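Enquirer: Okay, handing you the structure first.
The values are calculated or read from the model by the stated rules, or taken from the named source; none is laboratory data. None of the values given here were measured: they were computed from a predicted structure. All Cβ positions, glycine included, derive from the backbone under ideal geometry; neighbour counts span all protein chains shown.
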Amino acid sequence: MQITSDHDPLLALGGRKKIRDEARKIREKYFGNIVTASKNYFIPLIKYCRNACQYCGFSRKSEISKEFEDMVVNLDQLKDKLKEAKEYNCKEILFVLGDRPEQINRNVREFLEANDCENAVDYTVKACKMAVSMGLQPHVNLGVITRKEWEKLKPVVASAGLMLENISNRLTEKGQVHYASPDKIPKARIESIKAALELEIPFTSGLLVGIGETDEERIKTIETLANLANEFETLQEVIVQPFHPLPNTPMRNTEECPPYLLLDTISATRYILPPSLNVQFPPNLSGFPIHYGINAGANDLGGISPITPDYVNYSSPWPKWNFLMKQLRSYGYDLVERGPVYEKWKKYSILHEKHKVT
Ligand code: SF4
C-alpha cells in the first residue's frame, strides 16, 4: 500500500494527542512490556569519509583523532578488540566506516592494498569473517554501496544498516547539512537500501530529526520507510535519531533536537510504520527519561556497549545496562537482551541459518 500525507502532517495524522495515544496502544499490543536492546561492541573500522555532513563527528573532521593510526583499525588491533568483545559478552560487533574512504585518502588506499583489499568493502568482509570465526555477529554500516557489494557482505554479516536520514533533496543544496555529500542524495540512499532488502539482509534504517528539515519532509521520510517495510520483508527496525551538536563541527552552535520533537517523531513513526516493526531511539541522546520514549511508541534502545564509546556521538556516553533495567522496571517494563537480528528475522540471516549462532 502506498501511503501519502496531506499538507499538514500532524493534522493529516489526527493531531499530537491522538498519535501519542495510538502509538502507545500499538506498542502495547505488539510488544507488551518488553523493551529490547543489544549489547554491542563498536569498531570504527575506517573513519575517513568522502562526504562533508555538517554535523559529523565521526569522520576526518572528528575532534577525537586526526592521526592516520587513529582513523583505521588494523587486523592485529581488530583481533584484540574482538577478544575484548567476547570478554564483555557482546554478541554484536558494530562495524562502522565512512563512505568510500579510499577515494579521498592515499594512505587508506595503501593500507587497503597492503591488506590485499581493493576497497573498504573488501576490508569489511575480511573483518566480518574474523568476527564470525570467533562466534561473534557483525552488523555493518558502511554507507551507500552497490548491490554487488551487498552480495559480498551478505554471507558474512548478521545484519546491516543504512540510515535514510531524510528524503529531502533540499538538504543537499548549498548552505544545507548535506551539501557536498554525494552519498546523502536521497535517491542514492534509497537505491542502496533497496538493494540490501532485495537480497533479504536483515536491515536497519531510520531518520535523523532536527537537521533543518520541515515537518512535512520528516513525515514524508517516515512514509518512505513505511513503504519500504511494506514492499520488503527484511527491514527489521527503524531508528528515530535526534540531532545532537558536537564540538568542532560546523553545527556545534545549532540547537539540538528538542525532546518534544523526538517524542512526536517516535509516535508518528510507530503510527505510520507496519505495527510489528521495531522502533528504536538512542537512550544516550534522548534528553528525556527512557520511559517517555517507550510510552511514545518505541520498543527498542538499539546497541548499548558495556565497554566502547559511541564513536558517532562521542560526547554522549551510553547509560549502563543495570541502570536502564532498573529504571525501566520501575515503570513496568522489562529490558531484554537481543542480538543484531530480531527473532522474527533470524530465518533471513545466513549467520543464524548456516553458522547456527544464537
Ligand atoms: S556520511 Fe557519515 S561519516 Fe561521512 S561525513 Fe556524513 S555523517 Fe560523517
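Enquirer: If the Cβ limit is 8 Å and pairs must be 6+ apart or interchain, which residue in the range 99-128 that is at positive phi pairs with which residue that is assigned to a loop (DSSP other than H, G, I, E, B) and surrounded by 14 or more Cβ atoms within 10 Å (Cβ to Cβ)?
Expert: Arg100/Cys49; Arg100/Arg50; Arg100/Asn119; Arg100/Gly143
Enquirer: Among Asn74, Asn40, Asn119, Asn107, which is among the polar types (S, T, N, Q), away from the ligand (no atom under 12 Å from the Cβ) and touching a Phe, Trp or Tyr at 6+ places or on another chain (Cβ under 7 Å)?
Expert: Every option except Asn107 fails the conditions.
Enquirer: Would you check if Thr249 is more than 15 Å from the chain's Cα centre (by Cα), hydroxyl-bearing (Ser, Thr, Tyr) and either at pLDDT 95 or above or in a helix (DSSP H, G or I) (or both)?
Expert: no
Enquirer: For the range 79-117: of the residues being among the aliphatic types (A, V, I, L, M) and within 17 Å of Asp310 (Cα to Cα), which is surrounded by the fewest Cβ atoms within 10 Å (Cβ to Cβ)?
Expert: Across the range 79-117, the extreme among qualifying residues is Val96.
Enquirer: Restricting attention to the range 209-249, report how many residues are more than 12 Å from Thr269 (Cα to Cα) and touching a Cys at 6+ places or on another chain (Cβ under 9 Å).
Expert: 7
Enquirer: With Glu213, Glu191, Glu217 as the choices, which residue is assigned to a loop (DSSP other than H, G, I, E, B) and either under 15 Å from the mean Cα position of the chain (by Cα) or modelled with pLDDT of 95 or more (or both)?
Expert: So the residue among Glu213, Glu191, Glu217 that is assigned to a loop (DSSP other than H, G, I, E, B) and either under 15 Å from the mean Cα position of the chain (by Cα) or modelled with pLDDT of 95 or more (or both) is Glu213.
Enquirer: I'd like the residue in the range 165-190 that is within 11 Å of the ligand (Cβ to nearest atom) and among the hydrophobic types (A, V, I, L, M, F, W, C) and, out of all such residues, is nearest to Thr269 (Cα to Cα).
Expert: Ranking the candidates gives Val177 first.
Enquirer: Name the single residue that is farthest from the ligand (Cβ to nearest atom) among those in the range 43-57 being more than 15 Å from the chain's Cα centre (by Cα) and either of a type in the set (Ser, Thr, Tyr) or not in a loop (DSSP other than H, G, I, E, B) (or both).
Expert: Leu45
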